[in-house]
Every structure is written in structure tokens, then in C-alpha cells.
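Chemist: Dropping a structure here in C-alpha cells format, bear with me for questions.
The values are calculated or read from the model by the stated rules, or taken from the named source; none is laboratory data. Bear in mind that the values here come from a model prediction, so they are computed numbers and not experimental data. As a convention, Cβ positions derive from the backbone with ideal geometry for all residues, glycine included, and neighbour counts pool all protein chains shown. SASA here: full protein model, heavy atoms, side chains in, ligands and nucleic acids out. Shrake-Rupley method; radii C 1.70, N 1.55, O 1.52, S 1.80 Å.
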Amino acid sequence: MIRDIFRLAWFEWKNVSIRGVVAALFVLICYTILLVFVAGLAEDEGIAIILDFWFILAIILWLGMSQFSGEPFSIVKMNDDILSTPFYRYTKRLPVSEVALFHSRMLVKAVYLTVLMFAIVSLAVIFVPDPFPFSFGDHAFISFAAFWIAVVIISTMNTINEIGYSLKEDTKMNLKAVAWMIGFLVFYLIVWVWLVPYNGSFVSFTIEYSAAYPTAMSGIAVAIIFITLLTVEYAGRKKIRKHGYGR
């Protein structure tokens, strides 16, 4: 099965189109600009909090749904919708197990998210160094990048929603996405804005904490990644067994 996992992952990676690369670069630039804006708005708490929420929501929910593969996985042909990908629907036709496909999707998303988030943080620190009290490559930078890679890895949870996906679930899954966003907003407002005694955005807090305690931040990042992947693995296998998708 391990061989199938890597073959499926390579099959998707090698089918990335020029248009997909351009789309990835566009996403990279947009998220870098958003990160810089959030990091540099410490004096304007209201705007910083708004952008902070959207930045976290975007990298956790939307970044993991990015689809950069070319033909024959075009969105139009596969009638793609939120929380699923054309590639997943295409590979459902192949003689591979659902477990192997699930692990392949986890691998592709984890690698893509890690590379993209590291690039976003690197570009922000290199080209707009003022908001960041550390330089590219030093210990504080590595811990800051590791933490945000850990946060974006949470987006691999979207892999669970792809299991057994069918067009009949479009409305249900869209409603789940809306409910998730509303729930996250409430959680953010209650926990970060109301309960946490810190005047500023979560991004600003992570910058300061990484500069002051880089080793602790790196440890937190490793813990988040481990717990996230373990949880996604367990939930994915449970869904496959429950609905009898394995073959």
C-alpha cells in the first residue's frame, strides 16, 4: 500500500499544470501580503483582529482546498465544489484502496501546505523585515515558521471530507463549511479576543513568543503537527470502516 500512496501522490504532482503553478504563485503572494499586513498593524488593534481572523481561517480552511492539478482534473469537467477536489474524484476510478487514496491525499496536502507556508513566512520576513524581530534563518525565524506550518497542517482535515464524496453531498458539505466558519469565528472572539489577556492579533503574539522563546515555540509546533496528523489518520480510517469504503 505504501507504494500505491507514493505513486498516487507522484501522479498528482506531475500533473500540475502551468496554470496551476501560476495559481499557486498568486496564492503565495496574496497570503504573504496578508501576513505582512497583520504583523504590521499592532497599533491598530481593530483592523489587526479582523485581518488576523481571516488569515487564520484562510490557511486552515481554504488553503487545504487549493487545487493546482491540470488535465484531466479540471474543475469544470469534474464539477468540483467546496471541500473536495477533482483529483480525488478522478482517482476513485482507479483500482486502489480508499485507505491508500486517503493517505495519498494526506501526503500531498501535508507537503504542499508545508512548502507553501514556509515560502509565505520566508517572503514576508525577507522583503518586509520591520514587523519581525528576527532574521531569515535564525532560531526565532525557524520556530515562527514551524509554528505556522503546524497551524496550516490542520488543513489536512479536509482530506476526511473527500472520503466517499458524491455530488449528492454538495449542499450538506457547503452547509458544514459555513457552520465551521461561524463556529470558528465565535471560538476566536471568545477565546482570543475576550479571554486571553493580550492586546493584539494572534499573529503578533506568535511573532513575539517566537522571538522570546524559540525552543518552546518549536516544541509546540511539533506537538500540533503530531496531534493533527494522528487525529486526521484516526478519523479518516474510522470513516472508511464505518461506511465500508475500503476495498
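Chemist: Tally up the residues in the stretch 59-91 that are of a type outside the set (S, T, N, Q) and either at pLDDT 70 or above or assigned to a helix (DSSP H, G or I) (or both), please.
Modeler: 16
Chemist: Only residues that are surrounded by fewer than 13 Cβ atoms within 10 Å (Cβ to Cβ), outside any loop (DSSP other than H, G, I, E, B) and free of Cβ contacts under 8 Å to residues at least 12 places away in the same chain: list them for the stretch 179-215, please.
Modeler: Once the filter is applied, which keeps residues that are surrounded by fewer than 13 Cβ atoms within 10 Å (Cβ to Cβ), outside any loop (DSSP other than H, G, I, E, B) and free of Cβ contacts under 8 Å to residues at least 12 places away in the same chain, the stretch 179-215 yields 179, 182, 183, 186, 187, 190, 191, 194, 195, 212.
Chemist: Additional query: Mind listing whichever residues of the stretch 104-125 are modelled with pLDDT under 90 and of a type outside the set (A, V, I, L, M, F, W, C)?
Modeler: Residues satisfying the conditions are 104, 105, 109, 112.
Chemist: Right, here's the next one. Looking only at residues in the stretch 1-16 that are among the hydrophobic types (A, V, I, L, M, F, W, C) and crowded, with 16+ Cβ neighbours inside 10 Å, which one is nearest to residue 109 (Cα to Cα)?
Modeler: Looking only at the stretch 1-16, we keep the residues that are among the hydrophobic types (A, V, I, L, M, F, W, C), and these are 1-2, 5-6, 8-11, 13, 16.
Subset that is crowded, with 16+ Cβ neighbours inside 10 Å: 5, 8-9, 11, 16.
Numbers: 5: 13, 8: 12, 9: 10, 11: 14, 16: 14 Å.
My answer is 9.
Chemist: Out of (1) touching a helix residue (DSSP H, G or I) at 6+ places or on another chain (Cβ under 8 Å); (2) at pLDDT 75 or above; (3) more than 28 Å from residue 125 (Cα to Cα), the odd one out for residue 177 is which?
Modeler: Status for residue 177: all satisfied but (2).
Chemist: Tally up the residues in the stretch 96-136 that are in a loop (DSSP other than H, G, I, E, B), within 17 Å of residue 210 (Cα to Cα), open to solvent by less than 50 Å² (accessible area, probe 1.4 Å) and out of contact with any Gly (no Cβ under 8 Å at 6 or more places or on another chain), please.
Modeler: Residues flagged as in a loop (DSSP other than H, G, I, E, B), within 17 Å of residue 210 (Cα to Cα), open to solvent by less than 50 Å² (accessible area, probe 1.4 Å) and out of contact with any Gly (no Cβ under 8 Å at 6 or more places or on another chain) within the stretch 96-136 amount to 2.
Chemist: Within the stretch 19-43, which residues are open to solvent by 60 Å² or more (accessible area, probe 1.4 Å), of a type outside the set (A, V, I, L, M, F, W, C) and either outside any helix (DSSP H, G or I) or modelled with pLDDT of 80 or more (or both)?
Modeler: Answer for the stretch 19-43, where residues must be open to solvent by 60 Å² or more (accessible area, probe 1.4 Å), of a type outside the set (A, V, I, L, M, F, W, C) and either outside any helix (DSSP H, G or I) or modelled with pLDDT of 80 or more (or both): just 43.
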